[in-house]
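All of the numbers you see were taken from the coordinates with simple rules; none came from a lab. These numbers were taken from a predicted model, which means no experiment stands behind them. Here the Cβ positions follow ideal geometry from the backbone for every residue, glycine too, while neighbour counts run over all protein chains shown.
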């Protein structure tokens, strides 16, 4: 009699929320939209998408949210790369892969996270959400690649240098129907977002 073994992988969520929002005029993690901060929306995105545990990487301001591990990046001023490294190192051996999301993209939908996890279950070790065929965020990275990603994670580029150096590893996952990856970088961006979401 044959047996089929079910291998269960654990996919963590890492929310990068360390910046001071210099162009916006306030740290993006603390911006409120429809009753929630961007950090709260990012955590909800990762949880609803199926990641566990969820880590929030902070820097410019403290962020305390229930049920998540918050880690401070003392080098946050150097850019996103150090925050990505802080988040992956904080996971240690606690996950087989991580979905990386950004706090300044509040309209990304949880279905995008689900699709990345499904792609990983299907064998992808790097899965990138694409919108109309263009790679954006979030990004799933299998732990087998974390050491190499950490070597590339400098400045404000995050995982991008590693992804560009290894395009053969990347599985694009179309998510154009699940939400928007637009960055909220300026007061005008925020005003347009609030108008679009009918928030005064």
Q | Principal axes of the chain: Cα extent on each, largest first, Å | A | 64, 35, 34
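How much length would be gained if the chain were fully extended between residue 185 and residue 171, taking 0.36 nm per residue of separation minus their Cα-Cα distance, in nm to one decimal? Intermediate values should be presented prior to the final figure.
Details: separation 14, 0.36 × 14 = 5.04 nm, distance 2.76 nm.
Going from the current span to full extension adds 2.3 nm.
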Q. So what's the Cα pair-distance distribution over segment 31-122, bin width 5 Å, in %?
A. 3, 13, 23, 26, 21, 10, 3, 0
Q. Restricting to the chain, what percent of DSSP beta bridges are antiparallel, rounded to 5?
A. 35
Q) Once you put a point 7 Å from the Cα of residue 93 and another 7 Å from the Cα of residue 194, both along the Cβ direction, what distance in nm separates them? A) 4.8
Q) By its C-alpha gyration tensor, with a ≥ b ≥ c as the square roots of the eigenvalues, how is segment 109-200 shaped: rounded for a/c under 1.5, else prolate for a/b larger than b/c, else oblate? A) oblate
Q) If you count, for each residue, the other Cβ atoms within 10 Å and average over each peptide, how do 123-129, 94-100, 35-41 line up from highest to lowest? A) 94-100, 123-129, 35-41
Q) Could you give the nm distance between label points at residue 64 and residue 144, where each point is 7 Å from its Cα heading toward the beta carbon? A) 4.2
(Q) Among 49, 122, 59, which one shows the highest mean-square fluctuation when the chain is modelled as a Gaussian network with alpha-carbon springs under 10 Å? (A) 122
(Q) Nearest 10 degrees is fine. How inclined is helix 38-49 to the longest principal axis of the chain, computing both from alpha carbons? (A) 20
Q. Where does each of 134, 28 land when they are ranked from fewest to most other beta-carbon atoms within 10 angstrom?
A. 134, 28
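Ignoring everything except DSSP H segments at least 4 long, calculate the 222 nm mean residue ellipticity for the chain; use -39,500 (n - 2.57) per segment, divide by total residues, nearest 500.
Dividing the helical sum by the residues of the chain leaves -8500 deg cm²/dmol.
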Q. If contacts are Cα pairs under 8 angstrom and at least 6 residues apart, what is the relative contact order of segment 11-196 in percent?
A. 25
(Q) Quick check: from the Cα gyration tensor, does segment 121-168 come out rounded (a/c under 1.5), prolate or oblate? (A) oblate
